[in-house]
Amino acid sequence: MISVSEALDQLFTLARPLGLETVPLLQAHGLVLARDVAATRNQPPFDGSAMDGYAVTHVAPGLRLHVIGEAAAGHRFDQTVKNGEAVRIFTGAPIPDGAKAVVIQEDVIRDGDWITIGDTPEANTHIRTAGGDFRVGDTVSAGRVIGPNDIALIASMNIGDVPVSRRPIVALISTGDELVMPGETPGPDQIIASNTMGLHALMRDLGAEPRLLPIARDNEASLRTAFDLARGADLIVTIGGASVGDHDVVANLAPQLGFEQSFYKVAMRPGKPLMAGRFGKAMMIGLPGNPVSAMVCGHVFVAPVVRAMLGLPATPAPRKTAPLAQDLPANGPREHYMRARFKGGDLVAFGSQDSSLLSILGEADALIVRPPKDGPRPAGDIVEYMPIR
C-alpha cells in the first residue's frame, strides 16, 4: 500500500502528453492553450475617442469653434481639423487629423454650427491611443485554461483558430451484476450505477471528452467487450471490481486482457482499493466501487491526471486552509478525506463518513484532508481542505 503522494507521482509518470490540435475560437472555451498566440493587429488600431463630444486642436475656457463635420464609430472624418474648428465625434470614432483632444459634450454649449467651451472643461484629452491595449506581436501565453475573457482578448487580436491541447478521451466503465443505468427498473438485488454519471460530469468540467460505456457484468466475456469498446481512449477508468474478491472481475481478469499494473492500494480513506497502470496504448485507473470512494478518488487522482494530459502542470488537486468549527478526534493510519461543509467560514465535518453515503457528499463543500495518524484537532484549528464545488 502506497501513500497518496506516491500514487500521484506514479500516475503522473503514466500520463502521456496528447499533443495539440487547432480549433475554431468559439470551440476553444474550457480548453488549454497549447502555444502562445500573437496579436495580428494593434488595439485600438487608431487613435479613438473615449467619449461623445467634439474633436478639437486644443481646449480653452470660453473658446468658440466652428463645427465642420461629424465622426462616428466606423465612419471617420477625412479632413484635417484646424484651429478654430471642431468635429462632432462619438465614442469609438477615429480622431481626425489635426485634433489633439476631445472636449466632452457636457462641457460645451452648441448654437447651430458653433460651440463654446465652458468655463471649467475637463483636462483629460479623452483619446485612446493606437496600440494602447496591445500591439502586433503581443502574446497570450500558453498553459492556461481558455476562459471567456481570453476568448474576447484572442478575438480582438483577430485570431480565428486557436492551438489547444487535445482533449483526452476518457472511457468510463462501471462493473458489476448489481448495477442498472439510471431510469431503468432495478431488480430486487440491484442498485443504480451512479459513479460513472458523477465522473462523466467531472470529466466534462475538466475539459476531457468522457465516453460512458455499457456496464461490464461480472464475467470475462462482458469485461472483454467493455475493453474492446474502450479502444481509442487515452484514459480508461473502471469503477468497481478493483478489490481481490472472487467477484472482482477487473482485478482478477484485467491482467489477462493486457493490463500492466503500476500500483495497487493507496493508504487513504475512502478509496483504498485503487489501482493504475497501462492497458495497451491507454492509461488505466481502477476505482473502488463504493459511490463516495469513487468520487473522492475522481477528485484526488483522476482530475489531476486529466489536467496533466491537457498540458497543465502535473500537480495535486488544489488545497486551501480554514478553521474547524468543532473538535475532531485523532485520525487513523490512512490519509482521510472527510466530507465537510462551511458554516460561517468554518468547516464542519459531517458526523457520518460512511463511503456509501452520496447524500452527504451532495451536501459537502469540501473534503478535509487529515494526514495519517493526525492527532486530535480542537475547534479553531486550521486544517487543509480540498474544495469540491
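Summarising the label geometry, the points placed 7 Å from Cα in the beta-carbon direction at Gln79 and Arg144 lie 4.5 nm from one another.
Using only Cα atoms, locate the centre of the stretch 75-91 and the centre of the stretch 326-389, then give the distance between them in Å, rounded to an integer. Cα centres, the stretch 75-91 to the stretch 326-389: 66 Å.
Stretching the chain fully between Ala38 and Ser3 yields a gain of 8.3 nm (0.36 nm per residue, less the alpha carbon separation). Antiparallel beta bridges, as assigned by DSSP with both residues in the chain, represent about 70 percent of the total such bridges. Estimate the FRET efficiency between Gln326 and Leu357 by the formula 1/(1 + (r/R0)^6), using the beta-carbon distance for r and 25 Å for R0, to the nearest 0.05. Once the sixth-power term is evaluated, E becomes 0.85. For Ser3, the residues whose modelled amide H falls within less than 5 Å of its own, excluding neighbours fewer than 5 places apart on the same chain, are Ala267. Averaged over its residues, the stretch 142-285 has an accessible area of 44 Å² per residue, based on protein heavy atoms and a 1.4 Å probe. Taking the protein heavy atoms of the chain in the context of the full set of protein chains, the accessible area attributed to carbon and sulfur is 49 percent at 1.4 Å. Distance between the modelled labels on Arg319 and Arg224, one decimal in nanometres: 4.5 nm (7 Å Cα→Cβ projection). In straight-distance terms, cross-link reach from Lys320 covers every one of the lysines whose alpha-carbon lies under 29 Å from its own, apart from those fewer than eight places away in the same chain; here that gives Lys265, Lys272, Lys343, Lys373. Rounded if a/c is under 1.5, else prolate if a/b beats b/c, else oblate: with a ≥ b ≥ c from the C-alpha gyration tensor eigenvalues square-rooted, which is the stretch 260-340? In terms of gyration-tensor shape, oblate. Here the 3J(HN,Hα) profile of the stretch 85-96, calculated from phi with Karplus coefficients 6.51, -1.76 and 1.60 at θ = phi - 60°, is 10, 8, 10, 4, 9, 10, 3, x, 7, x, 6, x Hz, Gly and Pro shown as x.
Restricting the trypsin sites (Lys or Arg not before Pro) of the stretch 240-341 to loop positions (DSSP other than H, G, I, E, B) with no more than 13 neighbouring Cβ atoms within 10 Å leaves Lys281, Arg319. Of the peptides 356-362, 266-272, 378-384, the ranking by mean beta-carbon count within 10 Å, highest at the top, reads 266-272, 356-362, 378-384.
Where only DSSP H runs of four or more residues are counted, the chain gives -4500 deg cm²/dmol as its mean residue ellipticity at 222 nm, each run worth -39500 (n - 2.57). Peptides 161-168, 29-36, 142-149, 62-69 ranked from most to least packed, by the mean per-residue count of other Cβ atoms within 10 Å: 161-168, 29-36, 62-69, 142-149. Distance between the pseudo-spin-label points of Asp189 and Gln10 (7 Å out from Cα toward the beta carbon): 3.3 nm. Residue-wise HN-Hα couplings along the stretch 357-363, as the Karplus relation 6.51 cos²θ - 1.76 cosθ + 1.60 with θ = phi - 60° gives them from phi, are 8, 5, 4, 6, 4, x, 8 Hz; Gly and Pro carry x.
Surface exposure of the stretch 72-112, expressed per residue as accessible area with a 1.4 Å probe, stands at 55 Å².
The values are calculated or read from the model by the stated rules, or taken from the named source; none is laboratory data. Since we're looking at a predicted model, the values are computed, not measured. Glycine gets a Cβ as well: all are built from the backbone with ideal geometry, and neighbour counts include every protein chain shown. To get the accessible areas, we keep the full protein, side chains included, count just its heavy atoms, and leave off ligands, DNA and RNA. Shrake-Rupley method; radii C 1.70, N 1.55, O 1.52, S 1.80 Å.
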